[in-house]
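Engineer: Here's a structure for you.
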Amino acid sequence: MSMETSSELAPRFGDFGGRYIPEVLVAAHEELEEAYIKARNDTTFNEELAELGRHYVGRPTPLYFAQRLTQEVGGARLWLKREDLAHTGAHKINNALGQALLAKRLDKPRIIAETGAGQHGVATATVCAMLGLECVVYMGTEDIRRQSLNVFRMKMLGAEVVPVDSGNCTLKDAINEAMRDWVTNVRTTHYLIGSAIGPHPFPTMVRDFQSVIGREARTQMLEQAGRLPEVAVACVGGGSNAIGLFHPFVEDPVRLIGVEAAGEGLSVPGRNAATLVAGSPGVLHGTHTYLLQDEAGQILETHSISAGLDYPGVGPEHSWLKTSGRAEYIAADDKEALAGFKRLTQSEGIIPALEPAHAIHAAVRLAEEVGEGGDILIGLSGRGDKDMHTVAEALGVTL
Amino acid sequence: MSKRLRARFAQTKREGRAAFVAYVMAGFPDPDHTVPLLLGLEEGGADVIELGIPFTDPLADGATIQHANEVAVSAGITFADCLEMVQEARAQGLSAPLVLMGYENPLLAYGEKQAAADAAAAGADGFIVVDLPPDEASTFRQACEEQDVSFVPLIAPTTAEKRMKTITSAANSFIYCVSVTGTTGQRAELPPSIGELVTTIRRYTELPIAVGFGVSTRDQVAEVGSVAEGVIVGSAIISAIEAGTVDGCVERVRSYVERVTGRSVDKS
């Protein structure tokens, strides 16, 4: 692991980020920031993380040239960064592992987490089982319904899954409830946030832990394609896999494109989750960032076929990449995600999660624009086993 | 005006008692009852009033106040509506100092400067913004200062002593001391360390300290009132509003306040 060495971390990305939190949590964030700065400069910590990355997570994950998909689509070569092959089936484990090791350093024996699709919950429950930490996962009842298999996995791994039935009963509400737990148990508990969202230092820390995706992919592109891609594309909910993929390419002449969930359409407020495309800046969950909100500053309900993108906020670094013009953000709706899902499954024998299926769809569209001889790098953030019920339901198939 | 808050705390100090600070949520149980509730609180003996600004994601609140937020948000109550309610209550004779309490995003959406200016014009005296620690509040604090409305900072049991000076220097009327590490809501017992926390804060400020979170019974009000200059009650008042018919909510709240402040004989 090569992380930049520094004695302090910037709390903001341009105008975005910061630490908008109840006073009771300030001390915990200061303590976490201090511990993280120490850890990122500590060879022992970085070696332990890299070692577990290799032998526990299965890193580096492959970069796969999707030859049939490329031929079928016609245009740029399509490459998949296979985070679906990481242990537990998604990129979430990279961050869960890093933060859990940090929690051990902080002497906090109890871990809480929120989960939407369940992938972060499973990743957290997994590393907690491996490190012997107590684990409580907050999950909206709507997501519990959609992702019952992941709920069972978490329970098998020894985690307690707490149903949250406030608000929309999805990810946002699970985060609220996890925050309430943390406010109450902050002295013994680390809140292992699952995306590059939340108060400083979470967005920076989660991005650093996820940047292993982009660092590997950059090296692999140079080795396997002999060049950097024209475009790197990834789905964006909170945006941790996208920021992890993008960050190592920020200084390169590579277009960065984030794909949000347009749900049932961008014109229907409350029925999409395209925060950067359709939202405006505000403060939610401790950070200043783009939000889906009404004129009075109330947070809108969201919808996406993929539970992992069903969130009205976004990581503050993405807000900055958008306003600074360094990255572009577009949206794919539920139907387009399903099309991407089917396309990759049937052309390559790889079943993607519905989240990266949004990115697949966008990449297929971009292939023509970039053209033959060009390369598109796609973040395949997770595998689709967890989504088979949802897909069957959407296709009208009874299992 | 900050002055109205300072004067009220000075008055209760002269009277040798702690100020009773009462919280209600704008638009709960419905928009029509908010002004009567504000007046009822004052009649029952509230010295200072906190009016909650509804928000969809009240992450520092327990179940009771969460529910009040949900009801008020569903009724479409915005920050602008809160200000109209304050103005109407003042027109109907409310004289107690009133502090608006809520979360940052509705204020940001309204415009922080405009929020401070319009609050002052409506007759509000200050703001408590749960997720806006002084470190992130420079714009809003300046706006408050310009309008002479008070920015009331919070101190929690986990606040490091080295932060207390920064926090207390952001205050100009009173300090909101959070009694417990936790969300708002009634508790059977308060932590014995409240007195210690108040004593520690007092080393950094001469301003009055009001303690909230978890206070509901007459005994707890008396207990907290013996160590601090103000006692804040929120969830218990929301519960009183909910404990019967909507029409009877003002009367229930008034008698609850009379009871816990000791102005009437405890019937329970």
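The values are calculated or read from the model by the stated rules, or taken from the named source; none is laboratory data. Being a predicted model, the structure only gives us computed values, none of them experimental. We place every Cβ from the backbone using ideal geometry, glycine too, and count neighbours over all the protein chains shown.
Engineer: Of all residues being touching a strand residue (DSSP E or B) at 6+ places or on another chain (Cβ under 9 Å) and free of Cβ contacts under 8 Å to residues at least 24 places away in the same chain in the stretch A:269-298, which is nearest to the other protein chains (Cβ to nearest Cβ)? Just the residue, please.
Structural biologist: A:Gly297
One line per residue, one yes/no per condition, for (1) over 21 Å from the mean Cα position of the chain (by Cα); (2) touching a residue at least 12 places away in the same chain (Cβ under 8 Å); (3) in a strand (DSSP E or B); (4) surrounded by fewer than 24 Cβ atoms within 10 Å (Cβ to Cβ):
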| position | (1), (2), (3), (4) |
| --- | --- |
| A:Thr126 | no, yes, no, no |
| A:Tyr138 | no, yes, yes, no |
| A:Asp143 | no, yes, no, no |
| A:Leu149 | no, yes, no, yes |
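Engineer: Failed condition for B:Val231, given (1) closer than 30 Å to B:Glu70 by Cα; (2) surrounded by fewer than 18 Cβ atoms within 10 Å (Cβ to Cβ), with all others met?
Structural biologist: Here B:Val231 clears every test but (2).
Engineer: Condition first: of a type in the set (A, V, I, L, M) and outside any helix (DSSP H, G or I). Now tell me which residues in the stretch A:352-378 satisfy that.
Structural biologist: To start, the set of residues in the stretch A:352-378 that are of a type in the set (A, V, I, L, M) comprises A:353-354, A:357, A:359-360, A:362-364, A:366-367, A:370, A:376-378.
Residues satisfying the conditions are A:Ala353, A:Ile376, A:Leu377, A:Ile378.
Engineer: Within the stretch A:388-399, can one find any residue that is crowded, with 19+ Cβ neighbours inside 10 Å, more than 30 Å from A:His200 (Cα to Cα) and touching a Leu at 6+ places or on another chain (Cβ under 8 Å)?
Structural biologist: To start, the set of residues in the stretch A:388-399 that are crowded, with 19+ Cβ neighbours inside 10 Å comprises A:390-391.
Narrowing the set further to residues that are more than 30 Å from A:His200 (Cα to Cα) leaves A:390-391.
From what is left, the residues that are touching a Leu at 6+ places or on another chain (Cβ under 8 Å) are A:390-391.
Checking the stretch A:388-399: at least one residue is crowded, with 19+ Cβ neighbours inside 10 Å, more than 30 Å from A:His200 (Cα to Cα) and touching a Leu at 6+ places or on another chain (Cβ under 8 Å).
Engineer: Here's something else I'd like to know. Take the stretch A:371-385 and flag every residue that is over 16 Å from A:Leu228 (Cβ atoms) and in contact with a Lys or Arg (Cβ under 6 Å, 6 or more places away or on another chain).
Structural biologist: A:Leu380, the sole residue that qualifies.
Engineer: Can you name the number of the only condition in (1) away from chain A (no Cβ under 11 Å); (2) crowded, with 21+ Cβ neighbours inside 10 Å that B:Arg90 fails?
Structural biologist: (2)
Engineer: Against the definition (on the phi > 0 side of the Ramachandran plot and touching a residue at least 60 places away in the same chain (Cβ under 8 Å)), how does B:Asp131 come out, yes or no? Give the derivation first.
Structural biologist: On the way: on the phi > 0 side of the Ramachandran plot: no; touching a residue at least 60 places away in the same chain (Cβ under 8 Å): yes.
Judged against the criteria, B:Asp131 is not a match.
Engineer: Select from the stretch B:65-102 the residues that are out of contact with any helix residue (DSSP H, G or I) (no Cβ under 8 Å at 6 or more places or on another chain), of a type outside the set (A, V, I, L, M), assigned to a helix (DSSP H, G or I) and farther than 18 Å from B:Ser235 by Cα and list them in ascending order.
Structural biologist: Once the filter is applied, which keeps residues that are out of contact with any helix residue (DSSP H, G or I) (no Cβ under 8 Å at 6 or more places or on another chain), of a type outside the set (A, V, I, L, M), assigned to a helix (DSSP H, G or I) and farther than 18 Å from B:Ser235 by Cα, the stretch B:65-102 yields B:Ser74, B:Cys82.
Engineer: Which ones in the stretch A:157-168 are farther than 18 Å from A:Val314 by Cα and either within 12 Å of chain B (Cβ to nearest Cβ) or touching a Ser or Thr at 6+ places or on another chain (Cβ under 8 Å) (or both)?
Structural biologist: Answer for the stretch A:157-168, where residues must be farther than 18 Å from A:Val314 by Cα and either within 12 Å of chain B (Cβ to nearest Cβ) or touching a Ser or Thr at 6+ places or on another chain (Cβ under 8 Å) (or both): A:Leu157, A:Ala159, A:Pro163, A:Val164, A:Asp165, A:Ser166, A:Gly167.
Engineer: Do we have B:Ala22 as within 14 Å of chain A (Cβ to nearest Cβ) and not charged (D, E, K, R) here? Explain how you work it out, then say what you get.
Structural biologist: Numbers: within 14 Å of chain A (Cβ to nearest Cβ): no; not charged (D, E, K, R): yes.
So B:Ala22 does not fit the description; no.
Engineer: Does the stretch A:249-266 include one or more residues that are within 14 Å of chain B (Cβ to nearest Cβ) and either surrounded by 24 or more Cβ atoms within 10 Å (Cβ to Cβ) or in a loop (DSSP other than H, G, I, E, B) (or both)?
Structural biologist: Taking the stretch A:249-266 and keeping what is within 14 Å of chain B (Cβ to nearest Cβ), we get none.
Checking the stretch A:249-266: not a single residue is within 14 Å of chain B (Cβ to nearest Cβ) and either surrounded by 24 or more Cβ atoms within 10 Å (Cβ to Cβ) or in a loop (DSSP other than H, G, I, E, B) (or both).
Engineer: I want to confirm something. Restricting to the stretch B:130-170 and keeping residues that are under 22 Å from B:Ala89 (Cα atoms) and not in a helix (DSSP H, G or I), which single residue is nearest to the other protein chains (Cβ to nearest Cβ)? Full working, then the answer.
Structural biologist: First, pick out the residues of the stretch B:130-170 that are under 22 Å from B:Ala89 (Cα atoms): B:144, B:147-152.
Within this subset, residues satisfying the condition of being not in a helix (DSSP H, G or I) are B:148-152.
On the way: B:Asp148: 24, B:Val149: 19, B:Ser150: 17, B:Phe151: 13, B:Val152: 12 Å.
Here the answer is B:Val152.
Engineer: Given the structure, is B:Ala72 crowded, with 24+ Cβ neighbours inside 10 Å and closer than 20 Å to B:Met1 by Cβ? Working first, answer last.
Structural biologist: Details: crowded, with 24+ Cβ neighbours inside 10 Å: yes; closer than 20 Å to B:Met1 by Cβ: no.
For B:Ala72, the condition - crowded, with 24+ Cβ neighbours inside 10 Å and closer than 20 Å to B:Met1 by Cβ - is not met.
Engineer: While we're on this one: Testing A:Gly158 on (1) at positive phi; (2) modelled with pLDDT of 95 or more; (3) within 19 Å of the chain's Cα centre (by Cα), one condition comes back false. Which one is that?
Structural biologist: Only one criterion is unmet by A:Gly158, namely (3).
Engineer: Name every residue in the stretch B:111-128 that is assigned to a helix (DSSP H, G or I) and either of a type in the set (Gly, Ala, Ser) or in contact (Cβ under 8 Å) with a residue 60 or more places away in the chain (or both), in order of residue number. Let's see the steps before the verdict.
Structural biologist: Step one: filter the stretch B:111-128 for residues assigned to a helix (DSSP H, G or I), giving B:112-122.
If the condition is that a residue be assigned to a helix (DSSP H, G or I) and either of a type in the set (Gly, Ala, Ser) or in contact (Cβ under 8 Å) with a residue 60 or more places away in the chain (or both), then B:Ala115, B:Ala116, B:Ala117, B:Ala119, B:Ala120, B:Ala121, B:Ala122 are the ones that fit.
Engineer: Given the conditions (1) over 29 Å from A:Arg187 (Cα atoms); (2) part of a helix (DSSP H, G or I), which single one is not true for A:Arg59?
Structural biologist: (2) is the only condition that A:Arg59 fails.
Engineer: Assess whether B:Asn105 counts as being touching a Gly at 6+ places or on another chain (Cβ under 9 Å), outside any loop (DSSP other than H, G, I, E, B), at the interface with chain A (Cβ under 8 Å from one of its Cβ atoms) and under 21 Å from B:Gly234 (Cβ atoms).
Structural biologist: yes
Engineer: Of the residues that make up the stretch A:299-320, is at least one modelled with pLDDT of 95 or more, more than 14 Å from chain B (Cβ to nearest Cβ) and surrounded by fewer than 21 Cβ atoms within 10 Å (Cβ to Cβ)?
Structural biologist: yes
Engineer: Residues being surrounded by fewer than 22 Cβ atoms within 10 Å (Cβ to Cβ) and in contact with a Gly (Cβ under 8 Å, 6 or more places away or on another chain): count how many of those fall in the stretch B:20-41. Break it down into steps so the answer makes sense when it comes.
Structural biologist: We begin by selecting, within the stretch B:20-41, every residue surrounded by fewer than 22 Cβ atoms within 10 Å (Cβ to Cβ); these are B:29-33, B:35-36, B:39.
Cutting the leftovers down to in contact with a Gly (Cβ under 8 Å, 6 or more places away or on another chain) gives us B:39.
Going through the stretch B:20-41 one residue at a time, the tally reaches 1.
Engineer: Restricting the search to the stretch B:57-99, which residues are under 22 Å from A:Arg180 (Cα atoms), at pLDDT 95 or above and charged (D, E, K, R)?
Structural biologist: Passing the criteria: B:Asp57, B:Glu70.
Engineer: Got at least one residue in the stretch A:32-42 being surrounded by 22 or more Cβ atoms within 10 Å (Cβ to Cβ) and in a loop (DSSP other than H, G, I, E, B)?
Structural biologist: No, the stretch A:32-42 contains no residue that is surrounded by 22 or more Cβ atoms within 10 Å (Cβ to Cβ) and in a loop (DSSP other than H, G, I, E, B).
Engineer: Would you please list the contacts, defined by Cβ atoms under 8 Å and residues six or more apart or on different chains, that run from a residue in the stretch B:150-166 that is more than 24 Å from B:Ala115 (Cβ to Cβ) to a residue that is basic (Lys, Arg)?
Structural biologist: B:Thr158/A:Arg187; B:Met164/B:Arg203
Engineer: Something else about it: Please tell me if B:Thr56 is in a helix (DSSP H, G or I) and either over 23 Å from B:Glu258 (Cα atoms) or out of contact with any Pro (no Cβ under 9 Å at 6 or more places or on another chain) (or both). Lay out the reasoning, then the answer.
Structural biologist: Values: in a helix (DSSP H, G or I): no; either over 23 Å from B:Glu258 (Cα atoms) or out of contact with any Pro (no Cβ under 9 Å at 6 or more places or on another chain) (or both): yes.
So B:Thr56 does not fit the description; no.
Engineer: For the stretch B:181-193, check the following and say yes or no: at least one residue is closer than 26 Å to A:Asp181 by Cβ and outside any loop (DSSP other than H, G, I, E, B).
Structural biologist: Filtering the stretch B:181-193 for residues closer than 26 Å to A:Asp181 by Cβ gives B:181-193.
Okay, now just the ones that are also outside any loop (DSSP other than H, G, I, E, B), so none.
Looking through the stretch B:181-193, none of the residues is closer than 26 Å to A:Asp181 by Cβ and outside any loop (DSSP other than H, G, I, E, B).
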